[in-house]
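Data block below; observations after.
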Amino acid sequence: DLVVVGSANADLVVGVERRPAAGETVLGSDLVVHPGGKGANQAVAAARLGARTALLARVGDDAYGRMLLDGQRAAGVDTSGVLVGRVPTGVALITVDSSGDNGIVVSPGANARLTPADVRAASGLLAAARVVSLQLEIPLETVAEVVRAVPPITRVVLNPSPVPPTELPAEVLAACDPLVVNEHEARVLLGESRGVGDTPGEWAAALLALGPRSVVVTLGAAGALAADRQGAVLVPSPRVTAVDTTGAGDAFTGALGHRLAAGDDLPTAVRYAVRVGAASVTRRGAQDSYPTAAEVPAG
Ligand code: ADP
């Protein structure tokens, strides 16, 4: 079984000609509200593929929290670990201008209140997990508590996004099997190390030196690289016509957690996950774009 511990957000999207300057008001398009947040996205991606998936997260006692819970349940996610409290559900306020550029304000809201104590209270849920999947839209101390709380046999997958301003704790890095990063996250994590080189293979080697047991670097249309201390495998992505890449990384990571929980080795799980990521970019939206197992293109 897969347990995702992470964020749940409502994405509030308005199209504008251009973003307002200070003190200015502009008119925008009709509001569109999508369920989002990296944790909620990953859980939906895995459950839609058929994984037994639970989400440990926090939402507010409000309309967005209910929308997110409904979306999780519709995909088949076990929501018994989703805590509902007085702090509002996290939201991302997104404006998209006429050239397609985003401006985003995130209010973490309830996500920032998922505490180490919440993790300890969910020990039953975590003990049943073969794989725990983590991201960094919740407090780092909460992520660290998950790493301490899970039994040694549980495999920990971490997508360190958004990359924190401080270094990741060594105990968190050491637990990652794999650490999953896109090119941007790889560059930021390696920002301080000089002479790393500029190929995915060199990034993976430098990331392994930070302590994780294995590393996956996702490379958009080029697929993904899986690496551990025995070696690296480049897995190309199937060729598709990309319509909207929002949430592709979360589709990839949810699928990866699903296959690792099913017993695949890392290269085999990555071969499946790139096909799921590719399928997700052929449709609009994040969670709305995630495929069922039958919709995953042949590898
Ligand atoms: P993120 O969404 O975090 O930036 P990537 O862009 O690396 O991450 O995408 C994650 C995965 O989604 C890739 O490894 C690949 O499988 C798939 N993917 C993303 N963009 C494309 C694309 N244009 N064509 C095919 N697959 C894609």
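The values are calculated or read from the model by the stated rules, or taken from the named source; none is laboratory data. Values in this document were obtained by computation on a predicted structure and should not be read as measured data. Neighbour counts are summed over all protein chains in view; Cβ atoms, including those assigned to glycine, are modelled from backbone coordinates with ideal geometry.
A count restricted to region 228-247 and to residues that are within 9 Å of the ligand (Cβ to nearest atom) and among the charged types (D, E, K, R) stands at 1.
Here residue 288 meets the list (1) closer than 19 Å to residue 180 by Cα; (2) away from the ligand (no atom under 14 Å from the Cβ); (3) in contact with a His (Cβ under 9 Å, 6 or more places away or on another chain) almost entirely, failing just condition (1). Looking at (1) among the hydroxyl-bearing types (Ser, Thr, Tyr); (2) touching a residue at least 60 places away in the same chain (Cβ under 8 Å); (3) over 23 Å from residue 260 (Cα atoms), which one does residue 107 not meet, given that it meets all the others? Just one mismatch for residue 107, condition (2). Of the strands (runs of 3 or more DSSP E) lying entirely inside region 1-83, those carrying at least 1 residues that are small (Gly, Ala, Ser) and buried (at least 21 other Cβ atoms within 10 Å of the Cβ) are 9-15, 32-36, 53-60.
For region 106-120, state whether one or more residues are over 17 Å from the mean Cα position of the chain (by Cα), of a type in the set (A, V, I, L, M, F, W, C), buried (at least 21 other Cβ atoms within 10 Å of the Cβ) and modelled with pLDDT of 95 or more. Yes, region 106-120 contains at least one residue that is over 17 Å from the mean Cα position of the chain (by Cα), of a type in the set (A, V, I, L, M, F, W, C), buried (at least 21 other Cβ atoms within 10 Å of the Cβ) and modelled with pLDDT of 95 or more.
Residue count for region 270-293 under the criterion of being over 16 Å from the mean Cα position of the chain (by Cα) and assigned to a helix (DSSP H, G or I): the result is 5. Pairing residues of region 245-256 that are more than 15 Å from residue 271 (Cβ to Cβ) and among the hydroxyl-bearing types (Ser, Thr, Tyr) with residues that are within 8 Å of the ligand (Cβ to nearest atom) and assigned to a loop (DSSP other than H, G, I, E, B), at Cβ distances under 8 Å and at least 6 apart in sequence or on separate chains, gives 245/281. When the residues of region 199-227 are filtered to those that are farther than 20 Å from residue 250 by Cβ and of a type in the set (A, V, I, L, M, F, W, C), the one that is farthest from the ligand (Cβ to nearest atom) is 209.
Across region 218-227, not a single residue is classified as free of Cβ contacts under 8 Å to residues at least 24 places away in the same chain, surrounded by 17 or more Cβ atoms within 10 Å (Cβ to Cβ) and closer than 15 Å to residue 160 by Cβ.
Counting only residues that are under 17 Å from residue 292 (Cα atoms) and at pLDDT 95 or above, how many does region 241-260 have?
Number satisfying all stated conditions: 12.
Every listed requirement among (1) modelled with pLDDT under 95; (2) buried (at least 21 other Cβ atoms within 10 Å of the Cβ) is met by residue 284 save one, (2). Listed by first and then second residue, the pairs with beta-carbon distance under 9 Å, at least 6 apart or on different chains, first residue in region 266-278 and away from the ligand (no atom under 12 Å from the Cβ), second of a type in the set (Lys, Arg), are 268/259; 269/259.
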